[in-house]
Structure formats: structure tokens, C-alpha cells
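Encoded as C-alpha cells, the structure appears first; notes follow it.
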């Protein structure tokens, strides 16, 4: 009898891997610690309890290391992304884009211009947080000067910025998604575009409606001061815009992202040295440590500081630990038990909605999008294959659910970082970040309508 109780207790300890992970991640998020440490605690616990259940700890560690190493391309992309952001800042590329944006904005078109320009910059930068913390801060400042509700402004800019994580070919999260599902960007784009187009149209219509009902007065002084500060510090030239355009073109036609980034970093560094007068030594320092020039005015330093390889090293650690944690959950059989609570049938809408909720749940558990991408990519693959759905659809469905939802979850690291540099919490701006909750709903509605249309076609023919 005692032996049975001990055996059951050991199995219960294995089931505790996920709860331990959730608790440790919440602890890290609350105390502003690297989420990778939370994953690491859960990994150590998981290895220990799996050992108690007869698994070889040495063999398990080898499997985990192999899993981590297999994603080396993602780590390289993340590090190159940091260097690329620093290159674009030091060369004046981002300054040129911001200057153009400030030239066309006014009180009547604020919401449209702010959304579209921020979304465009997001696609070029490849990071939602990076976009929001650069040009997003510009539009927040302009929104304040116009007298708009600041929570509304931040919500609009979050919606626009986080298009990066689901659309930009330079996004580390999107590349993690593509890598996990072993698909190419151009094939993903075909499946994802209907979700993007519909949700963006609905989102923009809502913003136009709500902004048009606000009574404000326009002050041009703030934008003119920013433009003067930009041209006083940077030598800007329209020719610089060819670099981000080239990046997008190369990514769309299927050029390896690492090669794309390396080319962008080299060309951007040449512009930085020739156009901005930075020395070779300083430029190398910027690429490694980030762009933090000593002589930049406080007025624009908020928008053009950051990037660098060191700045993204912590993200590499988080992704590596998330991969190891996901492996342990899968190895222990925990994921199959969790997935059964979401995907409860084999019909198309049951699988679609179940996978969306599964992805959102894993994003909530992981406090960022890594688990929301990695785990459904593996666990829902067979369900999609049984319906004749391709991997591109699974990837697009994950983007439209577990990835886009992240910034409006108050405990998520994205929401916490946004609160850190805007002072506005997810509880305040979340209700206005329309695309984050409209896209999952539109994805379900769109697929429902497609299914009805196909059924009627089959009845006719």
C-alpha cells in the first residue's frame, strides 16, 4: 500500500512541472527578473522529479541541450536584430523615417497617420516593444500635446507596434514561429493576410470613430521642435530609406534572414560612418553595446538610444530556457493532458478555436509569446494534419491568437515593459488596443464564414 502511495506521489510531482513553472514565472514578472530564471527553476524541478520517476538525469540533460542547440539560427537572428537596430539608429535611418512621419501629421489625421507610420516602422524594425519605445514615444508625445486620452493613444500605438511580431520578416518571434513550423515567410503570408487585412480594417474604423468624437486643439510647436532637433543632430537623406525597403524585399523573396541582417548592418554602418561621421571604433561599439552617443540632446535621446548585441542577449536566454521547459513538458506527457482541455473534438471549428485558446493559455503561462508559439506548433500539428490543413495555417492561427494577445495581459512581460516606459498599465490601455482582441475573434469568424461558403459550394456542385 505504501509503495503505491509513493509511486502516485512521484507521478503527482511530475504533474507539478507546469504549476511550478507558472509560479516561478509570475514571481519573475512581479519582481522584474529575467523570465529565463523562472523557466530555469521549473527546468531544474522537472529534471529532479523525472529522475525520481526512473528517468536518467544525464540522458535528460543531453536531450535538453540538444533541443536548445537545434534553434541556434534563432539565437543568431536575435543577436543580429540588436546590432541592426543600433545600425539603423546610428546611421540616421530611423531619424529619417520619424522626420517624414512628423511632416504629415495633423489633428484630423492623427489616428490614421500614427497607426500607419508606427505599423510601417514596426515592420522595418521587427519588434513591437522596440517600435513602441522609439517612434511610439514620439506619437505619445504628440498625442499628449493634442489633448487626447493618453490610454487611448497608447492603445492605438500598441495595436500598430505589435503588427511587427506577426508580420515583420525581421521579427524574432515570427521567425521562431516559422522555424517551429518549418515554413517559409512568403507561404505564411498567404495564409495570414486575410486575418491581418480584416482585423486592421475593423481596428482602424474603430479608431477613426472614437478619435473623431474627441474635441482637442492642435499645437504644431512640439513636432517642429522634434524635427529641428533631428536635423540638428543627424544628416538625413531620402536615399537611406532604400535600406529598410531592401530588407523587406529580400525577406519576401526568401533570402536567409541572417544574411539579410548582416547586409543591413554593413550598409547601415557605412552610412553611419560616412553620413553621420562616426568612427569605425565607435560604430563597432554601437553594434555591440547599443547606440548611446554622448552628445545627443535629451529631446531626441528617448527615441534614438538602444539596440546592440548585449541588449538582446537576455532574450536569447529566455528563448533557450523556454525551449527547454517546453521540451520537459512534452517529454513528461503534460502537454497532451493540457491540450485535451482545449481541443475537445475533431471538427474544424473545434480544432481552430481549441488551438487558439491553447496558444493564448500558453502565452499567459509563459508571460511572453515563446511558449504560445513553441508548444502549439508541436502539439496541434497532428490535429491540423488530420483536417488536411497545412503547417502555414497553424503558424498563422498561432500569430492571430497567442502572439497578438500578449501586450494586453497585465502580468505579461510585454505589458510590464510598456508600463515601465509609458506609465500606462495594460488595465488602462488594454481596452483600446483593439487589434489584440479583434484579431483572434476575426480569425474565428473568417474561418467560420469560409467553412459555410465551402459547404454551400459542395451542395451546389
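The values are calculated or read from the model by the stated rules, or taken from the named source; none is laboratory data. These numbers come from a predicted model, not from an experiment. Note: ideal-geometry Cβ built from the backbone for every residue, glycine included; neighbour counts use all protein chains shown.
The single condition among (1) crowded, with 19+ Cβ neighbours inside 10 Å; (2) at pLDDT below 95 that residue 397 does not meet is (2).
Only one of the numbered conditions (1) free of Cβ contacts under 8 Å to residues at least 40 places away in the same chain; (2) more than 28 Å from residue 345 (Cα to Cα); (3) assigned to a helix (DSSP H, G or I) is not met by residue 454, and that is (2). Please specify each residue of region 88-119 satisfying the condition of being in contact with a helix residue (DSSP H, G or I) (Cβ under 6 Å, 6 or more places away or on another chain), more than 20 Å from residue 245 (Cα to Cα) and crowded, with 22+ Cβ neighbours inside 10 Å. Selection gives 111 alone. Report yes if some residue within region 300-314 is surrounded by 13 or more Cβ atoms within 10 Å (Cβ to Cβ) and without any contact (Cβ under 8 Å) to a residue 12 or more places away in the chain; otherwise report no. Yes, region 300-314 contains a residue that is surrounded by 13 or more Cβ atoms within 10 Å (Cβ to Cβ) and without any contact (Cβ under 8 Å) to a residue 12 or more places away in the chain. Any residue in region 9-30 that is part of a loop (DSSP other than H, G, I, E, B) and at positive phi? Taking every residue of region 9-30 in turn, none turns out to be part of a loop (DSSP other than H, G, I, E, B) and at positive phi. Scanning region 238-291 for residues being part of a loop (DSSP other than H, G, I, E, B) and under 18 Å from residue 97 (Cβ atoms) gives a total of 1. Of everything in region 203-222 that is exposed (fewer than 12 other Cβ atoms within 10 Å of the Cβ) and assigned to a helix (DSSP H, G or I), the residue that is modelled with the highest pLDDT is 205.
Each row is one residue, and each column tells you yes or no for (1) touching a residue at least 40 places away in the same chain (Cβ under 8 Å); (2) at negative phi.
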{"residue": "54", "(1), (2)": "no, no"}
{"residue": "81", "(1), (2)": "yes, yes"}
{"residue": "99", "(1), (2)": "yes, yes"}
{"residue": "102", "(1), (2)": "yes, yes"}
{"residue": "113", "(1), (2)": "no, yes"}
{"residue": "120", "(1), (2)": "no, yes"}
{"residue": "129", "(1), (2)": "yes, yes"}
{"residue": "136", "(1), (2)": "no, yes"}
{"residue": "142", "(1), (2)": "yes, yes"}
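Checking each residue in region 423-444 for being touching a residue at least 40 places away in the same chain (Cβ under 8 Å), more than 19 Å from the chain's Cα centre (by Cα) and farther than 18 Å from residue 211 by Cβ picks out 442, 444. Would a scan of region 129-138 turn up a residue that is surrounded by fewer than 22 Cβ atoms within 10 Å (Cβ to Cβ) and within 26 Å of residue 209 (Cβ to Cβ)? Yes, region 129-138 has at least one match.
One residue stands out among those in region 223-237 that are assigned to a helix (DSSP H, G or I) and within 30 Å of the chain's Cα centre (by Cα): the one that is farthest from residue 95 (Cα to Cα), which is 223.
Just one of (1) surrounded by fewer than 23 Cβ atoms within 10 Å (Cβ to Cβ); (2) modelled with pLDDT under 85; (3) more than 16 Å from the chain's Cα centre (by Cα) fails for residue 357. It is (2).
Under the condition of being in contact (Cβ under 8 Å) with a residue 40 or more places away in the chain, part of a helix (DSSP H, G or I) and over 24 Å from residue 325 (Cα atoms), which residue from region 378-395 is farthest from the chain's Cα centre (by Cα)? It comes out as 386. Within region 410-422, the residues that satisfy the criterion of being assigned to a loop (DSSP other than H, G, I, E, B) and either without any contact (Cβ under 8 Å) to a residue 40 or more places away in the chain or closer than 18 Å to residue 127 by Cα (or both) are 410, 412.
Residues to consider are 342, 304, 271; find the one that is in contact with a helix residue (DSSP H, G or I) (Cβ under 6 Å, 6 or more places away or on another chain) and modelled with pLDDT of 90 or more. Walk me through it before giving the result.
Numbers: 342 fails: modelled with pLDDT of 90 or more; 304 fails: modelled with pLDDT of 90 or more.
Exactly one of 342, 304, 271 is in contact with a helix residue (DSSP H, G or I) (Cβ under 6 Å, 6 or more places away or on another chain) and modelled with pLDDT of 90 or more, namely 271.
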